[in-house]
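To keep things clear, I will list the structure first and then write my remarks on it.
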Amino acid sequence: MSDSRRRSRGSQEESAGTSNGLGGRNRSERACDMGDEDDTGAGPSAISEEDDDPTHRREIRSKYRDLINHVQQNREDMLNPANNKLTDVLEEANKLFANVSRAREAALDAQLLVLATDIGKEKASQLRAEGSAFDPSAFTEHLLSFMGLNRFEDESGQDGNLEGYLPQSAWQRLAKRSEFCFKTAPSFHYILGSFLAEPPPLRQRVERQRKAPSKEAKRMMPTQLKKMEESNLEATEREVERILQCLRKYFAHDPKEPISYYKFVIDPNSFSRTVENIFHMSFLIRDGLVKMNLDKYGLPCIAPVKKGEVELGRAAVRHQCVISINQETWREIIDAFDIKGAFIPPSEVLSQEG
Amino acid sequence: MSQRKRAVTASQSKTKRRSQVSLDEDDEDANFSQITSSQVQRAREHFTTDQLDRKVAEVVQFILIKDQKKIPIRRADIGKHVIKEYKAIYSEIINRVCRKFDQVFGLKLVEIDPKNHIYILINKLEPVNGEPVSMRPGNPKTGLLFVILSVIFMKGGVIKENLVWNTLKKLRVDPGEKHDEFGDVKKVVTDEFVRQKYLEYVKIPHTEPVEYEFRWGLRAEKEVSKLKLLEFVGELFDQDPQSWTQQFREASAAETSS
């Protein structure tokens, strides 16, 4: 049986002819061969002992797999129109197939055939082009030159393209020339940009400006305030206190005799100090620490209030009066009372003014 | 329906979902074809000219914005987002839209896929020899696309993906590495260009491991001039474009038909 198969295959090979052909295996023939093999023990197409040997079959399968791998690994080589390696493979396969009797090996044969057919088809498609062939490698070389590749002096064959400096604008150059082949519609964009983009940047700028001055201002404020507070309020309090002590001291001299208001506040050497004395005195009177009344001549006198005499904060009969003084009056009083010196000694701080 | 989805395996449910989505799209799209001429007539009388003009303007704007990414526009999207209740007079609106593009913008609204109703915008004006196409700096991706399209065209219209990658590697663009100008090259080529319909990236059956092949996409067929492409290739090789007889024949045929 195997002899007859080999004979039929032999005749097919002879009719194959062209070197680029696929080795012309008749598929239907193979199909019925396979059919025979699958019938185990069914009449005249019974399988012989030799075909059944597992080692033998393993060998065949391994050889098939080798062939398949060989084709897959060397695909490019197979495609090369310059050689007949594909036909050689098919002839190998033919030889192997002669010993195939089971479906398993035949399946491998079928797999090999699919591969071979694929490559055969590709090889055939390469042939169809009349006129010039197109070599992608040469294409890339020309492209690189166009893009401005600076090749080194000592370019060596194939590697000449992997070295050399490709400028930044390389792809730009190619793009500009390629654009020409396209009928691309220009992308639509609003000329003025998006409407929403404007407000945010402005706000940031304003905020930053606002932040800067406020920071500095804050820093300055505490120190200034401190100075001011000291010079104003505390100074006044101190002065008032000092004057009170002064008054008490004088009064202690002669507790029965009230002191003339004018004689006490007026400073014959400084008008401004006089005014200040009047100012400070008014605090003492307001707070009920000093009392003022008119003597038998109708002139104001003052005297310190003893601790238990008047209750502070009591809604006593309140009198108010406004005292005003100007420089002329001040001089008149000095002359009238013949004031030689100030009752209230000037303080060191205030002596800076005046 | 949802219960059935849950019962199937993951891969199956994905295809089911996809078909469900396309079913919805078809429903949207079906609205267009089911309209009779009398319905159209009644609808046309129902809307005033002002309303019609406004709809036309809206469609024009919609298409212009959609075109920014160069991803083709589906009729279903136009229907869903813009035309809505005016679907009955869709064809009239589209006709006016095409005329607007033609007369005002110098652009052509082309249906690249009559079956799925997908549109692109292309330039009506041909680039003039010697004059720059635009004042803006060139997009490097155009150069990349040109290389791939040229190789496919010169090699007969279909090539294995390996040829593309090998060619690009020779130009110092490696799909495995991040490129200064293009970034993820593989993504740009197999995803971006494919979605824009410049390229088709198709699985080759019976390959183990899976291999893909590249062809020209529907957009490229309409937007790219094969003749101009061949001329540039000729310039690069310093060869007469006619020396590639088959390609020249194909390019000339394409030129006259567009």
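The values are calculated or read from the model by the stated rules, or taken from the named source; none is laboratory data. Computed from a prediction, not measured in an experiment: that's the story for all the values here. As a convention, Cβ positions derive from the backbone with ideal geometry for all residues, glycine included, and neighbour counts pool all protein chains shown.
Numbers at a glance
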quantity	calculated
B:Lys187 being surrounded by fewer than 17 Cβ atoms within 10 Å (Cβ to Cβ) and of a type in the set (D, E, K, R)	yes
Identity of the residue in region B:191-217, surrounded by fewer than 18 Cβ atoms within 10 Å (Cβ to Cβ) and either modelled with pLDDT of 95 or more or under 15 Å from the mean Cα position of the chain (by Cα) (or both), that ends up farthest from A:Glu179 (Cα to Cα)	B:Tyr201
Region B:135-167: number of residues that are charged (D, E, K, R) and within 8 Å of chain A (Cβ to nearest Cβ)	2
Residue count, region B:111-139 (criterion: more than 20 Å from B:Ile65 (Cα to Cα) and crowded, with 20+ Cβ neighbours inside 10 Å)	2
Odd one out for B:Arg96, checked against (1) farther than 27 Å from B:Val194 by Cβ; (2) without any contact (Cβ under 8 Å) to a residue 40 or more places away in the chain; (3) of a type outside the set (Phe, Trp, Tyr)	(2)
Pick from region A:166-194, criterion in a loop (DSSP other than H, G, I, E, B) and at the interface with chain B (Cβ under 7 Å from one of its Cβ atoms), ranking: surrounded by the most Cβ atoms within 10 Å (Cβ to Cβ)	A:Ala185
Counted residues, region B:193-220 - those being within 23 Å of B:Pro140 (Cβ to Cβ) and out of contact with any helix residue (DSSP H, G or I) (no Cβ under 8 Å at 6 or more places or on another chain)	3
Residue match in region B:94-104 (condition: surrounded by 13 or more Cβ atoms within 10 Å (Cβ to Cβ) and in contact with a Pro (Cβ under 7 Å, 6 or more places away or on another chain))	no
Residue within region B:123-141 that is hydrophobic (A, V, I, L, M, F, W, C) and modelled with pLDDT of 90 or more present	no
Condition check for B:Gln41: modelled with pLDDT of 80 or more and surrounded by fewer than 13 Cβ atoms within 10 Å (Cβ to Cβ)	no
Any hit, region B:56-64, residues being without any contact (Cβ under 8 Å) to a residue 24 or more places away in the chain and buried (at least 17 other Cβ atoms within 10 Å of the Cβ)	yes
In region B:204-249, the residues that are at the interface with another protein chain (Cβ under 8 Å from one of its Cβ atoms) and within 18 Å of B:Glu161 (Cα to Cα)	B:His206
Hits in region B:161-185 - residues which are in a helix (DSSP H, G or I) and closer than 20 Å to A:Ala175 by Cβ	B:Val164, B:Thr167, B:Leu168, B:Lys169, B:Lys170, B:Val185
Selection count where residues are free of Cβ contacts under 8 Å to residues at least 40 places away in the same chain and part of a helix (DSSP H, G or I), scope region B:119-160	4
